[in-house]
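J.: Provided herewith is a single structure, encoded as structure tokens, for subsequent inquiry.
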Amino acid sequence: MEKYIINGGNRLCGSVEIQTAKNSVLPILAATVLTDDRVRIINAPDITDVKNMVKILSCLGCRAEYEGNDIVVDSSGADCCEIPMELAHELRSSVFLLGSVISRFHKAKIAYPGGCDIGLRPVDLHLTGLKRLGVEITEENGYIVCECEKLRGNEIMLDCPSVGATENIMLAAVKAEGVTVIKNAAREPEIEDLQRLLNCMGAKVKGAGSSSVTIEGVNTLYGCDYLPISDRIEAGTFLIAAAMCGGELQLSRANAENISSLLHKLRENGCKIHVNGDKIYLENHRRLTSVKSIETQPYPGFPTDLQAQYTALCCICRGQSIVTENLFETRFKYVPELRKMGADITVINRNAFVRGVERFKGAAVVAHDLRGGAALVSAALAAEGRSEVLDISHIDRGYGSLEYKLRELGGDIARVSV
Ligand code: EPZ
């Protein structure tokens, strides 16, 4: 087990290059199973979720290896269609593999990816969509077992714009017979990125980014080299941390359009923000003013993956805020930890009621999930005094070299083994 020791109070000044997007690279890794050619994912992020996905691909018989910062996958030797339970539980997004494994093997078996720290995380929309493409699905002692003579295109209406379900159906449909239309599809930038990758491999996908995605099945997909989009959630996390600590931050390889909802809020809070191409510049030297209400919504609304980090910012603003989490049932597990640091915050159902305090006080806190852990790091950096953030393996799932990047900006943070 490892923890961060953080001495708060330093401003964050300097520049950070944003990693490629975790939530793009994971479905893109799943897509590599769809071809016997080599696929190179350029500049993959150095994070545990990606490493675990690489392990799962190896379990399927793929050759998946790091070459410098790239990941090269050769699935020509893939000979197994069962995703091991321990890895499926370790990595919820392994469920994305269902679509591509079924497409390759016409069968698949995966342990039911249980709920996690942010909610029930059901997969009913994934399974309903796959059934619409002709997949027979049974669930037996904790496993989802899929069989399919032939995948056939169909029209699928999603009850809610699920990111994972949209991606899973796209992966199953690219080599199905006929045309598939996904209605009420999720519109996240990572879905457009998956469409670009698939079309790079010879697929015929269009409409990603809108609520209707059309996939015309093809017979064969080919290898390619692909650079995924940058991680909008990492970018947002750094912007919020700099806003909380005060300072002057420049992000490079960032995409302001993909986090425009956050940039509007930070400007409302009183931050100065300029955008120039793939650079985002944030400056703040004073206590921020609260925004009255924030509601997480599917893209392009305020991202649920920035809810925890932004709520931590609300805790030290002048004024009160109400943060509403509309996507996941229990995405406030970090709140008791912020209260240990002096936050005045009460959660009732899906709402967090925040009264701003002058500053956080350093404390020993525990990360319970990826984004909640990132929120605690930002709070500790802005706090008065010393903090410890325990169980940072959650944070390592999605942020590569976090302490290194923060130290480069002037943050006083060190990783130690417990
Ligand atoms: C993706 O998860 C992201 N993960 C999540 O990021 C992100 O929070 C989420 O999309 C929402 O943007 C990856 O891309 C790897 P959903 P996913 O299906 O696909 C309900 C992070 O921190 N739902 O869009 O699992 C679900 O309960 C992670 O990087 C069903 O009801 O999210 C939730 O309320 C956390 N049935 C809502 O949809 C289903 O079959 C959105 O979930 C699927 C989902």
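J.: Send over the semi-axes of the stretch 66-192's equivalent ellipsoid, whole angstrom and largest first, taken as the square roots of 5 times the C-alpha gyration tensor eigenvalues.
T.: 21, 18, 17
J.: Something else: Put +1 on the Cβ of every Lys and Arg and -1 on every Asp and Glu Cβ in the stretch 224-380; which of L376, P336, F238 then has its Cα farthest towards the positive end of the dipole?
T.: P336
J.: Against the longest principal axis of the chain, how steep is helix 370-382, in degrees 0 to 90 to the nearest 10, with axes from Cα atoms?
T.: The two axes meet at around 20 degrees.
J.: Toward the positive end of the charge dipole of the chain, about the Cα centre and with charges on Cβ (Lys, Arg +1; Asp, Glu -1), which of V33, P300, A88 goes farthest?
T.: The residue sitting farthest along the positive end of the dipole is P300.
J.: Provide T180, T32, T48 in ascending order of the number of other Cβ atoms located within 10 Å of each residue's Cβ, fewest first. Intermediate values should be presented prior to the final figure.
T.: Details: T180 25, T32 29, T48 19.
Taking fewest neighbouring Cβ atoms as first place, the list is T48, T180, T32.
J.: Compute the distance in nm between two label points, each set 7 Å from the Cα along the Cα-to-Cβ direction, one at S212 and one at T324.
T.: 2.9 nm
J.: So, with +1 on the Cβ of K and R and -1 on the Cβ of D and E, and no other charges, what is the size of the charge dipole of the chain about its Cα centre, to the nearest 20 debye?
T.: The calculated dipole for the chain is roughly 1220 debye.
J.: Between D344 and Y143, what's the calculated FRET efficiency when r is the beta-carbon distance and R0 is 45 Å? Round to 0.05.
T.: Once the sixth-power term is evaluated, E becomes 0.50.
J.: Same structure, new question: Grab the eigenvalues of the alpha-carbon gyration tensor for the stretch 294-418, scale each by 5, take roots, and send me the semi-axes largest first in whole angstrom.
T.: 23, 17, 13
J.: Continuing with the same structure: So for M341, M53, M1, fewest C-beta neighbours within 10 Å to most, what's the order?
T.: M1, M341, M53
J.: Please give the residues of the stretch 301-334, grouped as numeric ranges, whose backbone N is less than 15 Å from a label point set 7 Å along the Cα-to-Cβ vector of N351.
T.: Of the residues in the stretch 301-334, 320-326 have backbone N under 15 Å from the label point off N351.
J.: Apply 1/(1 + (r/R0)^6) to the Cβ-Cβ distance of S393 and N219, taking R0 = 45 Å, and write down the FRET efficiency to the nearest 0.05.
T.: With a Förster radius of 45 Å, E is 0.60.
J.: Of K22/K340; K206/K333; K206/K405; K109/K405; K51/K109; K131/K206, which sit over 32 Å apart, Cα to Cα?
T.: Beyond 32 Å between Cα atoms: K206/K333; K206/K405; K109/K405.
J.: Then there is this: Suppose every Lys and Arg Cβ carries +1 and every Asp and Glu Cβ carries -1, with no other charges. What dipole size does the stretch 35-145 come out with about its Cα centre, to the nearest 20 debye?
T.: With Lys and Arg at +1 and Asp and Glu at -1, about 280 debye.
J.: Of G119, G142, G129, which is farthest on the positive side of the dipole of the stretch 116-163, counting Cα position, with +1 on Lys and Arg Cβ, -1 on Asp and Glu Cβ, and the Cα centre as origin?
T.: Highest projection toward the positive end goes to G129.
J.: Further, regarding this structure: Once a ≥ b ≥ c are taken as the square roots of the eigenvalues of the Cα gyration tensor of the stretch 32-115, is the result rounded (a/c under 1.5), prolate (a/b larger than b/c) or oblate (a/b not larger than b/c)?
T.: Verdict is oblate for the stretch 32-115.
J.: For the chain, calculate the relative contact order in percent as a whole number, restricting contacts to Cα pairs under 8 Å that are 6 or more residues apart.
T.: Dividing the mean separation by the residue count of the chain yields 21 percent.
J.: Can you give the extra length, in nm with one decimal, that the chain gains between E358 and R121 once fully stretched, where that is 0.36 nm per residue apart less the Cα-Cα distance?
T.: 81.7 nm
J.: Sticking with this one: When the convex hull of the Cα atoms of the chain is projected onto a plane and the area is averaged over all directions, what value comes out in nm²?
T.: The Cα convex hull of the chain, projected and averaged over all directions, gives 18.1 nm².
Every number here is computed from the coordinates shown, using simple stated rules; none is lab data. Everything quoted here is computed from the prediction, not taken from an experiment. With ideal geometry, Cβ positions are generated from the backbone for all residues, glycine too; neighbour counts draw on all protein chains shown.
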